[in-house]
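S.K.: Below you'll find the structure I mean.
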Protein chains: 2
Amino acid sequence: MAQLRIALAQTNPVVGDFTGNADKLVEWTRRAADRDAHLVVFPELFLTGYPAEDLVLRSSFVEASRSALTAVAARLAAEGLGGLPVVVGYLDRTDGDRTDGDRTDGAGKPLNAAAVLHGGEAVMTSAKHHLPNYGVFDEHRYFARGNRLPIFRLHGVDVAIAICEDLWQEGGPVSVVAEVGAGLLVVPNGSPYETDKDDVRLELCARRAREAGCALAYVNMVGGQDELIFDGDSLIVDARGELVARARRFEEELLVTDLELPELTDLPEEAADPGDGSEITVERLVLSAAPVEPYRPEPPVIADRMDDLAEIYQALVLGVRDYVAKNGFRSVILGLSGGIDSALVATIAADAIGPSRIHVVLMPSRYSSDHSLADAEELVRRQGLKARVIPIADIVTAFEKEIDLSGLAAENLQARVRGMLLMSLSNEHGHLVLTTGNKSELAVGYSTLYGDSAGGYAPIKDVLKSLVWKLAQWRNAQPGGPPIPENSITKEPSAELRPDQRDTDSLPAYDVLDPLLRDYVERDMGRDELVAAGHDPELVARILRLVDLAEYKRRQYPPGPKITSKNFGRDRRLPITNRWRESR
Amino acid sequence: MAQLRIALAQTNPVVGDFTGNADKLVEWTRRAADRDAHLVVFPELFLTGYPAEDLVLRSSFVEASRSALTAVAARLAAEGLGGLPVVVGYLDRTDGDRTDGDRTDGAGKPLNAAAVLHGGEAVMTSAKHHLPNYGVFDEHRYFARGNRLPIFRLHGVDVAIAICEDLWQEGGPVSVVAEVGAGLLVVPNGSPYETDKDDVRLELCARRAREAGCALAYVNMVGGQDELIFDGDSLIVDARGELVARARRFEEELLVTDLELPELTDLPEEAADPGDGSEITVERLVLSAAPVEPYRPEPPVIADRMDDLAEIYQALVLGVRDYVAKNGFRSVILGLSGGIDSALVATIAADAIGPSRIHVVLMPSRYSSDHSLADAEELVRRQGLKARVIPIADIVTAFEKEIDLSGLAAENLQARVRGMLLMSLSNEHGHLVLTTGNKSELAVGYSTLYGDSAGGYAPIKDVLKSLVWKLAQWRNAQPGGPPIPENSITKEPSAELRPDQRDTDSLPAYDVLDPLLRDYVERDMGRDELVAAGHDPELVARILRLVDLAEYKRRQYPPGPKITSKNFGRDRRLPITNRWRESR
């Protein structure tokens, strides 16, 4: 057996920030060197950030990534870190000149690649074989398929590399590892958060480690990128699939682990059949043949697990923090109604970037109840937010002098005046406007286009109303005293756009609505299945119609952190012009 | 040789409207029967409409398509049309139950299919082999790959079927036709419009016909579906690649053509190698072995070609007409400034659905010049639109009493008051709001979020400003007298949001800006390439920065008809959170 100290750099890159990402690579490699690590592994496409979407199709972007890789390899050596091998994801391309536009097969096409940096150079490169093209992924649009399994010998241990989806799908480079033999499989990932995904992930890693017959080190990105939240959760399992080490979630972490791995001496095979119709070429390189001198291993780190609500809350906080910071904002602004949605969004934002950078505006109308203003003011007091009050009655009157409006048009007007005030203050002072709508409202279209839906980021866009309440209660139960006024949690929901309005005037109770929305929107169940699952047939018909008709509103909604399988973002793409109605 | 009268049903389906699309199939088949046609061919995915996007991933939608196919085949027979073979595109699936979520390989996965309907049944089916996954296409997300080449013998002629992209890519079923022999290759298509695509299309059909050694009948969809415009242009070439018949563009048409085709008697081969690593199985069926009695052929129809401006103008008109009709609107509303953009949009809309359904609102502010109102009123008078005037000064004053705004924030406020007035009137009366921004503005972010960008459809979203002027001049030169006041065309462009404002205060002249935008946005050229192509380096840096920073605004923009390779819609997908700047 041979010893190896491996450092998983669970880090947060920024899309397109080659300089910043390279700086971070050097800094974290130095930290790993300071810990006497023998190998550092960074996430998938770390140098470019991920996903870079159609930037990948720009030749200038691809060449910038290739240059950044060469430069950072040289810089590592120049800074005395050239002896420590680094595995990092970057954007590369196949050889030759591109000839046929956006199509991704053939010459000069982008590759979702990984490199081994050593001695000032990229000494090995390979590319992702299985390209995910479902949910939020469009990798058939972007990448040509890799067909190599790189294995480098490091201190007597054969270390193989595969990338993200190569782990999830059968066949491909991972399926070849058992046949050709390796002591460790390292896997850079950009694997977005979804509730309950951590359990699936550990199971998968354990299964693949057993199949490959070697230990497996899974390093995931962390951070928010538009709608995606990368949750970290990097981990190592041994060859029997037992968990050895695991990083925290939603935070950067250098997970340093000592492993005892088989010292391999077989001859390399050159090609192998992954059983999926393709051929995988095995590429081998010896960096150092002799094992390290025996040393006393450090005890491995296994982060505590989080409960489900803590996990979701942290995902939302990270989403807000990174969207604000990575887009260069210094402060946010939102309307505070006294209701639960805006109270929760303000609290998430305050946890993300600090209460002094949260500007809230109370915009009472002629239909606002007394408790609305009082509850909003109480929240401001508890958290120390920056607040101002702007009554909207006179502005609404000015509109009504010019045009006659009734019913929904009159209700929408009030929401739009509020949206305009927030956008005006945003334009004047540079705050990012946070939109406070929840997923239940968004699903059934219970919101106003250019009104409450105006803004740049929607922190609870993917949170059903019943979960909004649970998260508020969970947050209030944390140490430090409850930030949200109890009355905002317990009172009956109302948009307050007409006298005595209540959500239940238009919608069923949320404990009936939300399970139906989950089955229809997230699980894609059809009308007959929904009825068979126990949902009331009339309610099914009524709600499905609302959901189907609200597509345009959802399309225009700001992005927000994705926490479910379907968040009304890139994971769910529906035509606007569409006569298909499940409710028919 | 054998004679065959083939009818290409260049038709306009509606996504998800199985009933309406089936009705149309029966009606057009009857029309073909009345013309004594021997074969009718409908476009790709005609029964479902195209593209149906993520509806394809719903089992209930797939089963509805399969049922609709069976039902319409039976109905054709019941209505006495069972003897006339119909080739039609529909959504099918592979056998078995789906097991792995959204992934499209394996059991129970959707197929982009075509069927031959005859004698009350679907007697043959096949599925698209080459799945496009670039530009606006995401077919790897949706479909499993077909691997059969169906050939049916009709009146002594072997007729092969391939679908759309199978024609564009090398290999696959089309490459097998020459080897196994056919007298005619029919190709259902859903091929979206782009300027100059008609020339490419004819060349491609001619080349494939020569390669296949047989005549080729290309039938395209027509109509608007969200951002896509299908332009028709169905055509037939003979085995030498010579054009035989060609349908009009942007209109439904039954193109009936008499062909003289080789009578084939070779034995069928069962499988063939398309040279792309897959295997294509040839499936044969004899519907009728004997040629028809000789008859006198009708002269073929070749529609006149359109000039470039006519073509684009008709595409925009069709886009508006179909978006309005297919989404169930009866009227549209837009703000009329007296400038060229809103004048052109009003004119396109009037040409699309008639002037009596066009509501325009003139919303002068304190900065509007006299000619603005006068030019807008002159346009209303010339076209007979429904108009009203709503001054915005008092509403702007009401806002200014509550908050202090300066600079851009104050300018945006005026645009937003106008947007709110239009949305309010839309909500009250049910009009669709048309957004009047052009592509140049949208590219550089010269528009107001929730202001001039508010609305449901943006007819000139993909039209650069210099083309806006050309289209206005072209339209004014058509018979019936110029609908657009000359002053709206000739005056200097201004947003009129502050005193004496001109577009050139912030932007270069459009004859300098637009070529740069075309190279950067549509041709994806990098900074160095742009400078090498002769664009001024300082201007390149300044404009690229504006374009890169305006991504969020563009993301929130309404859909509009796509006429170029990059329309800021699904064809160009960029992250919002992004530090990559070509201008760096």
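S.K.: Mind checking the mean number of beta-carbon atoms from other chains within 10 Å of the Cβ atoms in B:48-60? Could the numbers behind the result be given before it?
M.R.: Working: counts 1, 5, 1, 2, 4, 6, 7, 6, 0, 4, 6, 4, 9.
Mean number of neighbouring Cβ atoms from other chains: 4.
S.K.: Relative to the longest principal axis of chain B, what angle (0 to 90°, nearest 10) does the C-alpha long axis of helix B:308-326 take?
M.R.: Result, in degrees: 90.
S.K.: Now a separate question. How far is the Cα center of region B:545-584 from the Cα center of region B:1-66, in Å?
M.R.: One Cα centre to the other: 35 Å.
S.K.: List every residue whose amide H lies under 5 Å from the amide H of B:Gly83, counting only residues 5 or more places away in sequence or on a different chain, with H placed 1.01 Å from N in the peptide plane.
M.R.: The list, which skips near neighbours in sequence, is B:Gly119.
S.K.: Quick one: what are the phi-derived ³J(HN,Hα) couplings along region A:549-557, Karplus 6.51/-1.76/1.60 with θ = phi - 60°, whole Hz, x for glycine and proline?
M.R.: For region A:549-557, the Karplus-derived couplings read 7, 8, 4, 4, 4, 5, 4, 8, 6 Hz, x marking Gly and Pro.
S.K.: Counting pairs of alpha carbon atoms under 8 Å apart in space and at least six apart in sequence, what relative contact order in percent does chain B give?
M.R.: Working: 1293 pairs, mean separation 69.5, N = 584.
Reported relative contact order: 12 percent.
S.K.: Here's a follow-up. Separation between the B:Arg381 and A:Ala74 pseudo-spin-labels, each 7 Å from Cα along Cα→Cβ, expressed in nm?
M.R.: Here the modelled spin labels are 7.1 nm apart.
S.K.: Measure nothing fancy, just the Cα-based angle from helix A:197-212's long axis to the longest principal axis of chain A, in degrees from 0 to 90, nearest 10.
M.R.: The angle comes out at about 20 degrees.
S.K.: For region B:1-110, what relative contact order do you get, as a whole percent, if you take Cα pairs closer than 8 Å and at least 6 residues apart? Numbers along the way, then the final one.
M.R.: Numbers: 165 pairs, mean separation 31.1, N = 110.
After rounding, I find 28 percent.
S.K.: Whole angstrom only: what separates the Cα centroid of region B:126-198 from the Cα centroid of region B:347-410?
M.R.: First find each Cα centre; the distance between them is then 49 Å.
S.K.: To test your reading of the geometry: what angle, between 0 and 90 degrees and rounded to tens, separates the Cα axis of helix A:407-429 from the longest principal axis of chain A?
M.R.: It is inclined by approximately 50 degrees.
S.K.: Please order B:His429, A:His431 by the number of other Cβ within 10 Å, starting at the fewest. Don't skip to the answer; put the middle values down first.
M.R.: Values: B:His429 12, A:His431 23.
So the residues, fewest neighbours to most, are B:His429, A:His431.
S.K.: Given axes a ≥ b ≥ c from the Cα gyration tensor, I'd like to know whether the protein assembly as shown is rounded (a/c under 1.5), prolate (a/b larger than b/c) or oblate.
M.R.: oblate
S.K.: Of the DSSP beta bridges with both residues in chain B, give the percent that are antiparallel, rounding to the nearest 5. Please list the in-between numbers first.
M.R.: Numbers: 41 of 73 bridges.
Looking only at bridges with both residues in chain B, the antiparallel portion is about 55 percent.
S.K.: Now a separate question. Sum up the charges of everything whose Cβ sits under 14 Å from the Cβ of A:Ala532, counting Lys and Arg as +1 and Asp and Glu as -1, but leave A:Ala532 out. Before the final figure, lay out the partial values.
M.R.: On the way: positive: A:Arg523, A:Arg527; negative: A:Asp519, A:Asp528, A:Glu529, A:Asp536, A:Glu582.
Around A:Ala532, the surrounding residues sum to -3.
S.K.: Label position 7 Å from Cα toward Cβ: report the copy-to-copy distances for B:Ala178 in nm, one decimal, ordered from shortest.
M.R.: Going from nearest to farthest copy, the values are 4.5 nm.
S.K.: For B:Ile333, what residues show an amide H to amide H distance below 5 Å, using hydrogens built from the backbone and excluding near sequence neighbours?
M.R.: Those lying under 5 Å, H to H, from B:Ile333 are B:His359, B:Leu432, B:Val433, B:Leu434.
S.K.: Mind checking B:416-429 for the average number of partner chain beta-carbons within 10 Å of each residue's beta-carbon? Could you put the intermediate results ahead of the total?
M.R.: Details: counts 10, 7, 0, 3, 10, 5, 0, 8, 11, 4, 3, 12, 10, 1.
Taking the mean over all residues of the peptide, I get 6.
S.K.: Now for a different question. Is chain B rounded, prolate or oblate when judged by the Cα gyration tensor, a ≥ b ≥ c being the square roots of its eigenvalues, rounded requiring a/c under 1.5 and prolate requiring a/b larger than b/c? The partial results should precede the final answer.
M.R.: Details: a/c = 2.14, a/b = 1.93, b/c = 1.11.
Prolate.
S.K.: Counting partner chain Cβ atoms within 10 Å of every residue's Cβ in A:387-396, what's the average?
M.R.: On the way: counts 0, 2, 1, 3, 1, 3, 1, 5, 10, 2.
Counting Cβ atoms of other protein chains within 10 Å of each residue's Cβ and averaging gives 3.
S.K.: Quick one: A:Trp474, A:Trp469, A:Trp580, fewest Cβ neighbours within 10 Å first, how do they rank?
M.R.: Working: A:Trp474 16, A:Trp469 19, A:Trp580 22.
Lowest count first: A:Trp474, A:Trp469, A:Trp580.
S.K.: A further question on this structure: Would you mind putting A:174-182, A:58-66, A:10-18, A:221-229 in packing order, based on average other-beta-carbon counts within 10 Å, highest first?
M.R.: Numbers: A:174-182: 22.6, A:58-66: 18.8, A:10-18: 24.4, A:221-229: 27.7.
So the peptides A:174-182, A:58-66, A:10-18, A:221-229, ranked by packing, come out A:221-229, A:10-18, A:174-182, A:58-66.
S.K.: Tally Lys and Arg at +1 and Asp and Glu at -1 over the other residues with C-beta under 11 Å from the C-beta of B:Ile229: what net charge comes out? Please list the in-between numbers first.
M.R.: Values: positive: B:Lys197, B:Arg249, B:Arg321, B:Lys562; negative: B:Glu194, B:Asp226, B:Glu227, B:Asp231, B:Glu311, B:Asp322, B:Asp462.
Taking every other residue near B:Ile229 into account, the sum is -3.
S.K.: Would region A:287-372 count as rounded, prolate or oblate if I go by the C-alpha gyration tensor, calling it rounded below 1.5 in a/c and otherwise prolate when a/b exceeds b/c, oblate otherwise? Please list the in-between numbers first.
M.R.: Details: a/c = 5.21, a/b = 2.80, b/c = 1.86.
Cα axes put region A:287-372 in the prolate bin.
S.K.: Just for the protein assembly as shown, what percent of DSSP beta bridges are antiparallel, to the closest 5?
M.R.: Details: 82 of 146 bridges.
Around 55 percent of the beta bridges assigned by DSSP in the protein assembly as shown are antiparallel ones.
S.K.: So what is the 222 nm mean residue ellipticity for the protein assembly as shown from helices alone, if each DSSP H run of at least 4 adds -39500 (n - 2.57) and you divide by all residues, rounding to the nearest 500 deg cm²/dmol?
M.R.: My calculation for the protein assembly as shown gives -11000 deg cm²/dmol from helical runs alone.
S.K.: Still on this structure, please answer the following. Can you list, shortest first and in nm, the gaps between the label point of B:Gly213 and those of its counterparts in the other copies, using a point 7 Å from Cα in the C-beta direction?
M.R.: Counterpart label points of B:Gly213 in the remaining copies fall at 5.2 nm.
S.K.: Next question. Excluding B:Asp375 itself, calculate the net charge of residues whose Cβ lies under 10 Å from the Cβ of B:Asp375, where each Lys or Arg counts +1 and each Asp or Glu counts -1.
M.R.: Residues close to B:Asp375 contribute a combined charge of -3.
S.K.: Further question: Taking neighbour Cβ counts within 10 Å as the exposure measure, how do A:Glu551, A:Glu492 sort from fewest upward? The partial results should precede the final answer.
M.R.: Numbers: A:Glu551 17, A:Glu492 8.
Least to most surrounded, the residues fall as A:Glu492, A:Glu551.
S.K.: Expressed as a whole number of Å, what is the distance separating the alpha-carbon centroids of region A:475-524 and region A:284-346?
M.R.: 27
S.K.: Let me ask something additional. Taking amide H positions as placed 1.01 Å from N in the peptide plane, with prolines and chain starts having none, which residues 5 or more places from A:Leu362, or on another chain, fall under 5 Å of its amide H?
M.R.: A:Leu336, A:Arg388, A:Val389, A:Ile390
Readers should treat all values here as calculations from the given coordinates under stated rules, not as data from a laboratory. None of these values were measured; they are calculated from a predicted model. FYI the Cβ positions are ideal-geometry reconstructions off the backbone, even for glycines, and counts take in every protein chain you see.
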